[in-house]
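Please treat every number below as a calculation from the coordinates, not as lab data. Predicted, not measured: the structure shown is a model, and the values here were computed from it. Here Cβ is always computed from backbone atoms with ideal geometry, including for glycine, and neighbour counts include all displayed protein chains.
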Amino acid sequence: MTTTSQLSTRHILGIKYLTVDDIKLILETTKYFKEVINRPIKKVPSLRDVTIANLFFENSTRTRISFELAEKRLSADTINFSASASSVKKGETLLDTVNNILSMKVDMVVIRHPSPGAPTFLSNHIEANIINAGDGTHEHPSQALLDAFSIQDKIGSIKGKKIVIVGDILHSRVALSNIYCLKKLGADVKVCGPPTLIPKYISSLGVEVEYDIRKALEWCDVANVLRIQLERQDIKYFPSIREYSQYFGINKNLLNSLKSEVVIMHPGPINRGVEITSDVADSNQSIILQQVENGVAVRMALLFLLAAKR
């Protein structure tokens, strides 16, 4: 059980800035909202009269839709902003864009931005509550929280569990947020991928590195498999997609050859046949669709708890 009923912060900028009690409170609150979204009537009036702006300066499907749905389920008023159809294309600054939106009396801002630190910058200049929906290669806190909730939902307490994060660790905000979150909750964490995609600072986070995918899977209870982010790579980090798949891809034959059953996760979007095959993604070992469902409940919890800090 948690020892607090309120978050220690006005913003969700990254898992790094949340206390263990904050994380436990969010996960506990998520349980309630998961029950809500599985009722025949899925809407509650918790955020009635609260206005939320969704500012997405990068493409997104799951995260954007998940936040929008969470806001609607909580009865909030929402404004959806897309950079590609805005005055940003005409040279307007981030701060001017946000201040113009806030002049419409917005209470909370959900922001995804390609620049690391953009949500923190905003939190220092505006009064609204900020939720970081992904900032460059820095953090993606709501994804880490839904991943933690999904693990807890599937196999119980995270403390002492062995979790490996596989793939493009270097460019992944999901990896960094997951490491912070899982370590704070007492998990043992390893990363696995090509040496060129493992950051040099990784050991300073209390994380071990494994370069052999079979050994990593033999060790773990849960494998969180990441997408190769080719759009963030300015040089070639491995010879070919085919070679990456051969050495680090997960297929059903590999899973079936292990001594124990491993839970498979993926934050999406999936490159089927690259990091995992379709028979793995669609197998009963996969909780990928449960992650998507839990994402709405986690984001409802975040919005609800932040509204109490207004």
(request) Taking the dipole about the Cα centre of the stretch 141-289, with the C-beta of Lys and Arg at +1 and of Asp and Glu at -1, give me whichever of I169, L217, V263 is farthest to the positive side. (result) I169
(request) In whole Å, largest first, what are the principal axis extents of the Cα atoms in the stretch 141-289? (result) 39, 34, 26
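Filter the cross-link list K72/K190; K24/K154; K105/K309; K190/K252; K16/K215; K183/K215 down to pairs whose alpha-carbon distance in this structure exceeds 27 Å.
Details: K72/K190 37 Å; K24/K154 16 Å; K105/K309 17 Å; K190/K252 21 Å; K16/K215 29 Å; K183/K215 21 Å.
Distance filter (> 27 Å) returns K72/K190; K16/K215.
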(request) Using just the helices of the chain, give the 222 nm mean residue ellipticity in deg cm²/dmol: DSSP H runs with n ≥ 4 each add -39,500 (n - 2.57), and the total is spread over all residues, rounded to 500. (result) -11000 deg cm²/dmol
(request) At 7 Å along the Cα-to-beta-carbon direction for both S157 and R39, put a label point, then send me their distance in nm to one decimal. (result) 3.1
(request) For the stretch 1-154, divide the Cα radius of gyration by the Kirkwood radius and give the resulting Rg/Rh value with two decimals. (result) 0.96
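Once you have the Cα-Cα distance between K183 and S5, take 0.36 nm times their residue separation minus that, and quote the gain in nm to one decimal.
Details: separation 178, 0.36 × 178 = 64.08 nm, distance 2.22 nm.
My answer for the length gained is 61.9 nm.
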(request) Could you point to the label whose value was computed as volume of the Cα convex hull per residue in Å³ for the structure here, given (1) 135; (2) 115; (3) 165? (result) (1)
(message) Please arrange F238, F33 by how many other C-beta atoms lie within 10 Å of their C-beta, fewest to most.
(response) F238, F33
